[in-house]
Amino acid sequence: MPRTLIDALLAAVLTAVLLIPIFGLRIQVDGVNVALDRTPTPVVIAVVAVFLLRLFKRPLQRLWASWKVPGSWRANSATAALRQTAQHPRARQALWLLLLAVAVIWPFTVSRGAVDVMTLALIYVMLGLGLNIVVGFAGLLVLGYAAFYAVGAYAYAYLAQQFGLSFWLCLPIAGGLAALTGFLLGLPVLRLRGDYLAIVTLGFGEITRLLLNNLNFLTGGPDGIGGIPRPSLFGLEFGRRAKDGGATFHEFFGLDYSGDHAVIFMYLLGLALVLATLFVIDRLLRMPLGRAWEALREDEIACRSLGLNPTVIKLSALTLSAAFAGFAGAFFAARQGHINPESFTFIESAMVLAIVVLGGMGSQLGVVLAAIAITVLPELAREFNEYRMLAFGLVMVLMMMWRPQGLIPASRPPLTLPERAEAAR
Amino acid sequence: MLKLENVHTFYGQIEALKGVSLEVHPGEIVTLIGANGAGKSTLLMTICGSPQASEGSVAFEGQDITRKPTHVIMQCGLAVVPEGRRIFPGLTVQENLQMGGFFADKARLETDLERVFGLFPRLKERRHQRGGTLSGGEQQMLAIGRGLMGRPNLLLLDEPSLGLAPIIIAQIFQILKEIREEGVTIFLVEQNAHRALQLADRGYVLENGRIVLADSGPNLLANDEVRKAYLGG
């Protein structure tokens, strides 16, 4: 008992140390005076809660263990049927189609802000799916993913600004340039393993950001590039009035002008890009190349013994992954209309990595859900914005405790002997 | 078919192979026996080009492969079943085999898959199971099957009996015989000298990085020195 008491006291003190600067002391700006406002209540509540939880950890755990879902819940006919249908390809198809229909119809029923947030989420879905190739499937820890994202964004911004090229033409160019960057980076760097690769790619991300900041003639320096044109639909623009003789969307279809059209169009465009990404990656995974990524992650020596060139396979993963970041970047630039280096900091790379890890490495559906959760939840809880990083850390800790494999762990084909599979892991 | 001449291999400063010459002819089963640390695995890895020989030459089917990178060598009609099996535990049995036939087209992949499943019916039963869930013997079969998927003319095996029950070892060696009858030459590195020499047409004995004896399998089995050193009297 005394040990639990000491443990609980220690946890309480730690909580206090952590929380006093965040919750306990607030800077209050009152005209020209800056005052420190002391509000002890939340800290006291948190400290007491942590203390009690630690103190009664064991009984609580026992309570939790005894309150288990009865076995009959899991094995009854309804859940069994549900699982069966989930494995049936037809049922899966139907489920996907339903989800797709909801995703398409949804924006017409909600506010413009919600659609806009969702568009942002779609960008992160794309980034997550792209990074998943290299981190989840090929098992290479890349920490500078924002660099490829930046290359895509700046490629579109620059080409559209300087040469007036359209979004549709720039999209493949942006993807291609990002892929080329990935390829050139990969050539020397992919000999490195694990942590070393992570450090070098981290450095690459920083170098890219610094270049964006300082290559004024190309990137506009810290100001970035503004006035990036929005994409058009087969030449139809979404502005109130068309530039030099073009037609606008609302005139063409005889609708009243509404700003919502552009927002919904961007959302649908993002959705289409995400679907294309999902489709392409799904195809790749069924190809020998996709299997080779996974095989390489599991055993590089065995791969070499089968005549595979590990460098080429890793390079293909990084190049493809970078290409998707490029697409996402171009779309991001088109949505924002203005980009600057601040959008491509290390935090951005870390966010995308968090999405991949949170979703479950190598799991497509998990990454999609995690990306949406990570972008949408902070928006829903705007008033708690200051505590965003705190909540982020909390979520990470909870994930480590309960779902270390991610929200939806990557699923391999069903096993005939699940018990033995667990034993062998 | 395979010819090593005066091969020296170093691990840093340490000379693991001190001038090894040996030869494998088409259709043979040749075994290399020796104690722990004699350089058996090093010899096999040198053939595969990792590490590369610092001196001497390795030739396969008349082609010099001494300085070629591993992945090129492994596409020349040579396959290796590495020590410790090294299957892909997270991939299914079938995917493991497909990795072995990475460079084959779809039709060839199908026939080769059937051929391997013919040799190892156990693998067919478990084709959709993860490699890591197989027993040791099944994993060894999978590793051999994966090697065969590349349609090699020469199969190199590094201690296929390692850590397996005697009855499984007997099965594996029986299958090696069948594989030879299909026209695949076999070079077998083994610590289980008794079994290896019973199976092999010819054998080499490696000691401290040098070949000390070379003879036919039955002769080596009867050889007094070999009996004393490797067969327990």
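Just so you know, all these numbers are worked out from the coordinates, no wet-lab data involved. Just so you know, these numbers come straight off a predicted model, no measurement behind them. Glycine also receives a Cβ, built like all others from the backbone with ideal geometry; neighbour counts cover every protein chain displayed.
Below, the figures for the structure above:
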| quantity | calculated |
| --- | --- |
| Net dipole in debye of the range A:103-235 [+1 Lys, Arg Cβ; -1 Asp, Glu Cβ; about Cα centre; nearest 20] | 140 |
| Inter-chain Cβ neighbour average for residues B:146-153, partner chain, 10 Å | 1 |
| Distance from the range A:97-114 to the range B:145-183 (C-alpha centre basis), Å | 58 |
| Taking chain B and dividing mean pair separation by its residue count, relative contact order in percent (alpha carbons under 8 Å, at least six apart) | 28 |
| Residue-averaged beta-carbon neighbours from other chains (10 angstrom radius) around A:286-299 | 4 |
| Most to least packed among A:188-198, A:271-281 [average Cβ atoms within 10 Å] | A:271-281, A:188-198 |
| Charge-dipole axis of the range B:7-153 as Lys and Arg at +1 and Asp and Glu at -1 on Cβ define it, positive-most pick from B:Leu17, B:Asn96, B:Gln75 | B:Asn96 |
| Neighbourhood charge, 14 Å Cβ-Cβ cut-off, centred on A:Lys57 and excluding it, Lys, Arg +1 and Asp, Glu -1 | +3 |
| Given charges at Cβ of Lys, Arg, Asp, Glu: the protein assembly as shown dipole, positive-most of B:Thr185, A:Leu143, B:Gln171 | B:Gln171 |
| Expected-Rg normalisation [2.2 N^0.38 Å, Cα atoms] applied to the range B:1-99 | 1.15 |
| Order by protection proxy (mean Cβ within 10 Å, highest first), peptides A:324-335, A:210-221 | A:324-335, A:210-221 |
| Convex hull volume per residue for the range A:131-289, taking Cα atoms only, in Å³ | 139 |
| Scaled radius of gyration (Cα, divided by 2.2 N^0.38 Å) that chain A gives | 1.14 |
| Rounded if a/c under 1.5, otherwise prolate or oblate - the range A:89-202, Cα gyration tensor axes | oblate |
| Where Cα atoms sit under 19 Å apart: lysine pairs in the protein assembly as shown separated by 8 or more or lying on different chains | 6 |
| Global form of the range B:128-223, assessed from the alpha-carbon gyration tensor, a/c cut-off 1.5 | prolate |
| Equivalent-ellipsoid semi-axes of chain B, from the Cα gyration tensor, Å, largest first | 28, 21, 16 |
| Kyte-Doolittle mean at least 0.5, axial Cα span of 18 Å or more - DSSP H helices of chain A | A:2-19, A:41-55, A:89-105, A:112-132, A:145-163, A:167-189, A:194-214, A:259-286, A:310-336, A:346-359, A:364-380, A:388-402 |
| Listed residue (A:Phe234, A:Gly186, A:Ala160) projecting farthest to the positive dipole end of the range A:160-296, Cβ model | A:Gly186 |
| Unit charges on C-beta of K, R, D, E only; dipole of the range B:1-160, Debye | 480 |
| Stretchable slack from A:His338 to A:Leu97, in nm (0.36 nm times residue separation minus alpha-carbon distance) | 83.3 nm |
| Shape category assigned to the range A:345-389 from the gyration tensor of Cα positions, a/c cut at 1.5 | oblate |
| Simple Cβ-charge dipole of the protein assembly as shown, Lys/Arg +1 and Asp/Glu -1, about Cα centre, in debye nearest 20 | 1540 |
| Mean Cβ count within 10 Å, highest first, over the residues of peptides B:117-126, B:139-148 | B:139-148, B:117-126 |
| Highest-fluctuation residue, A:Leu55, A:Leu369, A:Leu390 considered, GNM on chain A with Cα pairs under 10 Å | A:Leu55 |
| Between 0 and 90°, nearest 10: helix B:106-119 axis offset from chain B longest Cα axis | 70 |
